[in-house]
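Novice: What follows is a single structure, and I will ask about it in a moment.
The values are calculated or read from the model by the stated rules, or taken from the named source; none is laboratory data. Note that the structure is predicted; figures quoted are calculated from it, not measured. Because the Cβ atoms are built from the backbone with ideal geometry, glycine has one as well, and the counts that use them run over all protein chains shown.
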Amino acid sequence: MLSTLFSYVFNALPMVSYIILLSFALNFVLYVAGRVSLTFAGVYLVGAYVTVSLGTSMLGNSFSFPLFLAILFVVSLLGAAISIIVYGGFERFLKTDVHRMIATASLLLVFSGLIKLKWGTTPVTYSTPFLKMGSTEVLGNFVPNYYFFMFGFAVTLMLALAHFLYKTSWGLKFRASSLDGDRAMAQSCGVNQNIVTIITFGISGMLASLAGGLYAPIAGASYGIEGNALLLAALTIIIGGVGSIGGAVLTAFIISLARVVTAVEMPVLELAAPFIIASTTLMIRPFGIWGKEFKH
Amino acid sequence: MNTRISMTIPSRCLNSTLKTTLALTTVAVVIPFLVGGYQRTLIQKGLLWIPAIFGVYILYSLLRQVHFGQSIFIGIGSYLTAFLAGKYDVTNELMILLPATLVISIVVAYVLGIFITKRTGFYFAVMGIAVTMVFWSLVYKARAVTGGSDGISHIKHPNLFTISLNDLGLYYVCLFVTVGMILLMLRILNSPFSLQLRAIAGDLDKAESIGIPVNGMLRLAFVIAGAYASITGVLLAFTYNYVSPSIFDWNYGANFVQSAIIGGVNSVAGPIVGAFCFINLEFFISTWFANLWEIVIGLTIATIVVTVGEEGVTGIAQTLFRKLGRKLRKAQESSDKHGK
């Protein structure tokens, strides 16, 4: 009984990590920059495909851990670059939330169209890291080591981000420009809003592409995963609320456990489970469980 | 806050709008005898998209909300038709199917509206996307009931008052239903209800303080949009003779928003223009550059939103007419002066 419970938790670990990273990509942009942006889903898609193609072309069937980390590093830089370029060249000119939503949703179409041109619609896989890392037996379950690696990576990133936001002076400037603070006041105190927004978009792109890159050895990359990514990130924001790192992590656990349990017990309801949780949360606490009432 | 109050139609222009509608309807009635069957199907598809785009329009122009969820109700209408007229073979009588779909979709929209309209703006949009993907996954996984990814084909021809309709008859039914829904929408847009929605879009708290039931109005607008889309869904199922889970794809829902933007949300002719522009664009691009479709439509919408905003084709036309009118008037004034 206990080992089944733990099997649910262990099976949910990769999904937890990927939801943490994705939802925080969206959360960060919404919270610090105060802008609505859906491009993180496109960056997720690019990150997944680039990891798969770099992995299969450079490593093939052999596996070297440092090289895999190097691939992830390159992918994260690529994601940050794409996000900053899309912001600087395009999203900067969108004046209202409605325009931003429509334009970035159309940009998602462009991303998936470009990916479809290069790789087609058949899924591509790169499961070498996942297979070569082996598995360990914990509490009666054989858990692939890759799950622990992925989870550890995501949690480390979140801890680093939390340290940055709450313990450094630059983090203080970010929090001052965020929804919790006052952007105009921060600007008049000398915080350069342009730099803050550009770094925010860069961090968001890095998180999104790392989510794609880390999840690629487990699920591969296929056409249409950005819709799923967008959906899960948005539901996490709705349930967990904007602006809380711990809240995002706990919400990711809630959603992933719900999905894993329903996937085993009642497969039909797999995507309906997070939606039911989101609807319940909207009725009880409309701003999210850990959210605050921002005038957004 | 960006509260550009734009009058959709001043009441004194209603007569000219009705005249234009009559003229376009006459053209649409005559067209099947002038063009071939494939073009007629394309026109039929364009006509059927208009009510769904009007659903997006009412939520955008009056409430400034982006409604990605029209695909939910088109899917509900289409799958209900596929079940009743195709797979489970209960009835293919339009006079039973249309009212039944209307009732079911109003109930579903009312229930979904409780959650989706709880928060506006970004959250409304992503809840729309979420709900449509949930429906997608439900329909995809319940293979025994819905046929899964194979979809349902072999939908019988519709009957209207027990007369079996062939393709031409179906075209006229679609035209009649669409024109009826457009006239009803014109009536809704010229009612106090639309003014209340505009007040909600202007300032939610002020609207609430003067007694407008904000949540109820939002939900009512959502239900109207859903009802329009589901009737479209019934007729689309008969037009295509095939439904599959991809009708619940969020990309399909986004297509309606994109058509609304192309047509323009500052004029009541926007959805009509947008429907035909989008359908024609889709036809031409898929015929000649099949694998560039997403890139083209994505870049087009992105460019339109950045440059023109939400005015779209009708907005550009209005600006051109105004400038032309001003030039003509100036030319007339100067010629009067010189003439004297």
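Novice: Where in the range B:80-197 are there helices (runs of 4 or more DSSP H), lying fully within it, with 1 or more residues that are within 14 Å of chain A (Cβ to nearest Cβ)?
Specialist: B:94-116, B:122-141, B:143-146
Novice: While we're here: Quick one: is B:Ala260 surrounded by 24 or more Cβ atoms within 10 Å (Cβ to Cβ) and farther than 15 Å from B:Ile76 by Cβ?
Specialist: yes
Okay, residues lined up against (1) within 14 Å of chain B (Cβ to nearest Cβ); (2) at negative phi; (3) among the aromatic types (Phe, Trp, Tyr):
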position	(1), (2), (3)
A:Gly213	no, yes, no
A:Pro217	no, yes, no
A:Gly220	no, no, no
A:Thr251	no, yes, no
A:Ile255	yes, yes, no
A:Glu270	yes, yes, no
A:Pro274	yes, yes, no
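Novice: Quick check on this structure: which one of A:Phe153, A:Phe148, A:Phe68 is part of a helix (DSSP H, G or I), away from every other protein chain (no Cβ under 14 Å), in contact (Cβ under 8 Å) with a residue 60 or more places away in the chain and over 18 Å from the mean Cα position of the chain (by Cα)?
Specialist: It is A:Phe68.
Novice: Take the residues in the range B:281-340 that are of a type in the set (S, T, N, Q) and away from every other protein chain (no Cβ under 14 Å), then tell me which one is nearest to A:Thr104 (Cα to Cα).
Specialist: B:Thr314
Novice: Look at the range A:281-296 and say how many of its residues are assigned to a helix (DSSP H, G or I) and within 9 Å of another protein chain (Cβ to nearest Cβ).
Specialist: 2
Novice: Quick check, is A:Gly212 surrounded by fewer than 19 Cβ atoms within 10 Å (Cβ to Cβ) and either in the same structural domain as A:Ser127 (by TED's automatic domain parsing) or within 28 Å of A:Thr128 (Cα to Cα) (or both)?
Specialist: It is false that A:Gly212 is surrounded by fewer than 19 Cβ atoms within 10 Å (Cβ to Cβ) and either in the same structural domain as A:Ser127 (by TED's automatic domain parsing) or within 28 Å of A:Thr128 (Cα to Cα) (or both).
Novice: Suppose we filter the range B:92-103 for residues that are farther than 16 Å from B:Val173 by Cβ and surrounded by 15 or more Cβ atoms within 10 Å (Cβ to Cβ); how many remain?
Specialist: The total comes to 1.
Novice: Being closer than 23 Å to B:Trp293 by Cβ, surrounded by 21 or more Cβ atoms within 10 Å (Cβ to Cβ) and out of contact with any strand residue (DSSP E or B) (no Cβ under 9 Å at 6 or more places or on another chain) narrows it down to one residue among A:Gly79, A:Gly42, A:Gly55; which is it?
Specialist: Result: A:Gly42 is the single residue among A:Gly79, A:Gly42, A:Gly55 that is closer than 23 Å to B:Trp293 by Cβ, surrounded by 21 or more Cβ atoms within 10 Å (Cβ to Cβ) and out of contact with any strand residue (DSSP E or B) (no Cβ under 9 Å at 6 or more places or on another chain).
Novice: Being at the interface with chain A (Cβ under 10 Å from one of its Cβ atoms), among the small types (Gly, Ala, Ser) and buried (at least 20 other Cβ atoms within 10 Å of the Cβ) is the requirement here; does B:Ala275 meet it?
Specialist: no
Novice: Which residue pairs have Cβ atoms under 7 Å apart, sit 6 or more places apart or on different chains, and have a first residue in the range B:278-297 that is farther than 14 Å from B:Ala254 by Cβ and a second that is among the basic types (Lys, Arg)?
Specialist: Qualifying pairs under 7 Å: B:Ile279/B:Lys45; B:Asn291/A:Lys116.
Novice: Same structure, new question: I'd like to know if the range A:182-193 contains one or more residues that are under 30 Å from A:Gly113 (Cα atoms) and not acidic (Asp, Glu).
Specialist: No, every residue in the range A:182-193 fails to be under 30 Å from A:Gly113 (Cα atoms) and not acidic (Asp, Glu).
Novice: Of the residues that sit in the range A:95-129 and are surrounded by 21 or more Cβ atoms within 10 Å (Cβ to Cβ) and aromatic (Phe, Trp, Tyr), which one is nearest to A:Tyr215 (Cα to Cα)?
Specialist: Filtering first and then ranking leaves A:Tyr126.
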